[in-house]
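Since the structure comes first, as structure tokens, the remarks are kept for the end.
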Amino acid sequence: MATTIVLANRKGGSGKTTSTINIADGLARAGKRVLVVDADSQAHATISCGVLPYNLSSSLYELLLMLADGQQPGDKLLSTIIKDKKLFHLLPAKPDLAALEVEVAHKENSQTLLKDLLLEVENNYDYILIDVPPALGLLSVNGLVAARWLIIPIELTFLSMDGLAQMTGILYKINAGLNPELRLLGILPVKCDLRTNLARSVIAEIRQNFGDNNILSAVRSDIKLAEAPSFGKTIFEYASSCRGAQDYKHIIDIILTRSGGE
């Protein structure tokens, strides 16, 4: 059975998608069978893998809509998963996904659609990584309900601390009702310049409020991380020796240890 990890933060631009794709590729390079689920209508994880959403005949949207209507996706799910672009597999998104919240909000199973969908393929993978939108809507709730672990990527700014506080509050609420098994795997500082007083101050505040055990090692600022998606590549494909790749390798080692993958 797969270990399912959701990367979430209510603040946009927090490095969710970059972290999702690079962690997935790193886990795959460590010999793990990995599926990335793009649950964001912006489809940035899909685009980052070199897939154009507008060319897709089927995506997460159609599959969740089928489940909401009481149909079993079956073979359609397997054919929708893209297996030939990366070392990991991708369940892609396209902009139509934005309409899902309106179309299924009245359904009794609306908050567990993604969990129910992944039950059909979880035995095929060691890790499933879910990239959700920055807003707390139905898709983000679905990602949190479907996951066993939560990673919160965060930039080291004081405004980001508010988003972090909101995410931990959401975690407690999800624990209390929809998914009591969801646990924080770690807070992931990204785009970091630890030479600055601001970055060091924010790290100190996170450490004081959450403890060392809940902080993953930082991903340093690296232009290569910003460039890689424009080529449809992960950091390990684009610049495997850069400091961004080195940082993600360290994070992957921590994830394997904490999640029981090694």
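Every read-out reported here was derived from the displayed coordinates using simple, explicitly stated rules and does not represent laboratory data. This structure is a prediction, so every number in the text was calculated from the model and none was measured. We place every Cβ from the backbone using ideal geometry, glycine too, and count neighbours over all the protein chains shown.
Yes/no per residue for (1) assigned to a strand (DSSP E or B); (2) buried (at least 20 other Cβ atoms within 10 Å of the Cβ):
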{"position": "Thr4", "(1), (2)": "yes, yes"}
{"position": "Lys11", "(1), (2)": "no, yes"}
{"position": "Ser19", "(1), (2)": "no, yes"}
{"position": "Ala24", "(1), (2)": "no, yes"}
{"position": "Gln42", "(1), (2)": "no, no"}
{"position": "Ala45", "(1), (2)": "no, yes"}
{"position": "Ser58", "(1), (2)": "no, no"}
{"position": "Leu63", "(1), (2)": "no, yes"}
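Selection within the range 113-136: residues that are of a type outside the set (A, V, I, L, M) and assigned to a helix (DSSP H, G or I). The member of this set that is surrounded by the most Cβ atoms within 10 Å (Cβ to Cβ) is Lys115.
Scan the range 219-242 for residues that are outside any loop (DSSP other than H, G, I, E, B) and within 15 Å of Gly15 (Cβ to Cβ) and the total you get is 9.
Confirm whether Leu194 is in contact with a Phe, Trp or Tyr (Cβ under 8 Å, 6 or more places away or on another chain) and surrounded by fewer than 18 Cβ atoms within 10 Å (Cβ to Cβ).
Spelling it out, it is not the case that Leu194 is in contact with a Phe, Trp or Tyr (Cβ under 8 Å, 6 or more places away or on another chain) and surrounded by fewer than 18 Cβ atoms within 10 Å (Cβ to Cβ).
For the range 215-256, the candidate set comprises residues that are within 18 Å of the chain's Cα centre (by Cα) and among the hydroxyl-bearing types (Ser, Thr, Tyr); within that set, the residue that is surrounded by the most Cβ atoms within 10 Å (Cβ to Cβ) is Thr234.
Could you list, in sequence order, the residues of the range 81-100 that are crowded, with 19+ Cβ neighbours inside 10 Å and in a helix (DSSP H, G or I)? Within the range 81-100, Leu97, Leu100 meet the criteria.
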